[in-house]
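The values are calculated or read from the model by the stated rules, or taken from the named source; none is laboratory data. As the structure is a prediction and not an experimental result, all values here were calculated from the model. All Cβ positions, even for glycine, are placed from backbone atoms using ideal geometry, and neighbour counts span all protein chains on display.
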Amino acid sequence: MEKTLIYSVEDDESIAGLIQYALESEGYETKVFAAAEQLFEAMEERLPAMVLLDVMLPGMDGFAALERLRREYSAADIRIIMLTAKDSEISKVKGLDLGADDYVSKPFGLMELLARVRASLRKRREVAAATPERLTRGGLELDQKRFEAYLNGQKLTLTLKEFQLLKYLLQNAGRVAERAELLSAVWGMDFLGETRTLDMHINSLRKKLGDDQSENKVIVTVRGVGYQLL
């Protein structure tokens, strides 16, 4: 049975070692990083079930990393617990408002931390159980738990953003999804990039779906409004 993967971002070596030992003793697969930038490199290779994220980090701090995690991996059910010496109410509220699932103040006991981890992962399983595993329409099929997409039985090679975009269009199939709506749903409410980012991803999706060589389009453009999955 595959172990549950947890990433921990903690620049204090002694604390990082204790966290890794405690998690691995509980049977979790654990990878520890000293900086948020290392975390995002690992995220490109494999998504975890949970991230333990310290606030006070060199370079990108925990709050900025949390915002990026929720913006770029919104389609993935990744639980995030903030670990910090900042125990003020304002700091906790900020973390929770940015999308943290829980908040543990330092110094903390390892038994308490493990209990919080178990509770958060239990919530994740409950959400997953209530989520339909597959979305289908015509020959298109998305496996939401494996992040895999198929067209007429053939697996598509999609980036995470392409998968998120296709998933949203599929969930709203038959109606026009406005450009601002798609940018918010896939890239986040605070997305500041150019809107042509959406067009580039739509064009890439169309190529992978064969839309550029077929008269029977899967995704159509509604000029001045947005896109529709037929």
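Listing for the model above:
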quantity	calculated
Residue in region 133-143 that is charged (D, E, K, R), free of Cβ contacts under 8 Å to residues at least 60 places away in the same chain and in contact with a Phe, Trp or Tyr (Cβ under 6 Å, 6 or more places away or on another chain) present	yes
Extreme residue, nearest to E72 (Cα to Cα), among residues of region 22-41 that are hydroxyl-bearing (S, T, Y) and touching a strand residue (DSSP E or B) at 6+ places or on another chain (Cβ under 9 Å)	T30
Segments classed as strands (runs of 3 or more DSSP E), wholly inside region 125-168, with at least 2 members that are touching a strand residue (DSSP E or B) at 6+ places or on another chain (Cβ under 6 Å) and buried (at least 18 other Cβ atoms within 10 Å of the Cβ)	140-143
Contacts under 6 angstrom Cβ, first residue in region 177-188 being touching a residue at least 12 places away in the same chain (Cβ under 8 Å), partner aromatic (F, W, Y), 6 or more apart	A177/Y227; L183/F191; A185/Y168
Per-region count, region 6-19, residues closer than 15 Å to A115 by Cα and not aliphatic (A, V, I, L, M)	0
Residue among A65, A119, A100 that alone is surrounded by fewer than 17 Cβ atoms within 10 Å (Cβ to Cβ) and in the same structural domain as A34 (by TED's automatic domain parsing)	A119
From the options L39, L18, L23, residue that is among the hydrophobic types (A, V, I, L, M, F, W, C), surrounded by fewer than 17 Cβ atoms within 10 Å (Cβ to Cβ) and in the same structural domain as E112 (by TED's automatic domain parsing)	L18
Residue that is nearest to L53 (Cα to Cα), among those in region 78-100 that are modelled with pLDDT of 80 or more and of a type in the set (D, E, K, R)	R79
